[in-house]
Amino acid sequence: MDLSLDNPDHPERVAYSHASVEGGVLSTRLNSRLRHGYWEVRDLVTIGVLAAMTKVASLLVALVGGGMNPLTLVFKNLVFTSLLVVLLFKVPKSGSLILFMVINILVTMLLMGSGFFLMPSMLLAGIIAEGVILALGGYQRTFGIIIGAAVYDVLFKTGSLAISWVLIREQPQLLWISAIMVAIGYIGSLAGLVTGFLFVKELRHAGIIRE
């Protein structure tokens, strides 16, 4: 009996072959899971790019028009909500809104060195909005996405006012001014729901967003 390593039936060669086959199968399964996992690379890139675009566009609008200008507040919120709606249709997966908000906060902190105090209200609003979307049929329902985005805007702005009250509660006149500014800005958010949906329709015609 030939027990040399050149013999294809040698036990060590057989064991090595089996190990190679098993390793190849595991590698194939791992690559398949990475490609077909919950978050695809293009999804993460889309969320990251739109989150950065949203913050940069809002900052540019504020710098050009002035932070306390009512028209600036309306247009800034319109841009933000429009891009948010586009994102939710582009990446229709649970958690997209929360991930978008986390990246948005990080970009804000990098560009402005602030925004950390808004994180609790932003994340809480995102979690509740995600629940509303799921309760209304998930990301496959247009109505659910639009209502979820609207709920997020309301809750986040309400939470921001609550944080403002904690910070400036000894000066109630400033709180009233903040409340008026937030209410004016929310007009832009409501308009952004409409413009965002119109953008989605055009992007669907262009084949950028799938039905």
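A Cβ-based charge dipole, computed about the Cα centre of region 39-205 with Lys and Arg at +1 and Asp and Glu at -1, lands at about 200 debye.
The alpha carbon gyration tensor of region 39-205 gives principal lengths a ≥ b ≥ c with a/c of 1.5 or higher and a/b greater than b/c, which makes the shape prolate. If you plug the beta carbon distance of VAL154 and ILE208 into 1/(1 + (r/R0)^6) with R0 = 41 Å, you get a FRET efficiency near 0.90.
Every number in this text was worked out from the coordinates using simple rules, so none of it is lab data. Computed from a predicted model, the values in this text were never measured in an experiment. Every residue, glycine as well, gets a Cβ built from its backbone with ideal geometry; the counts of neighbours run over all protein chains shown.
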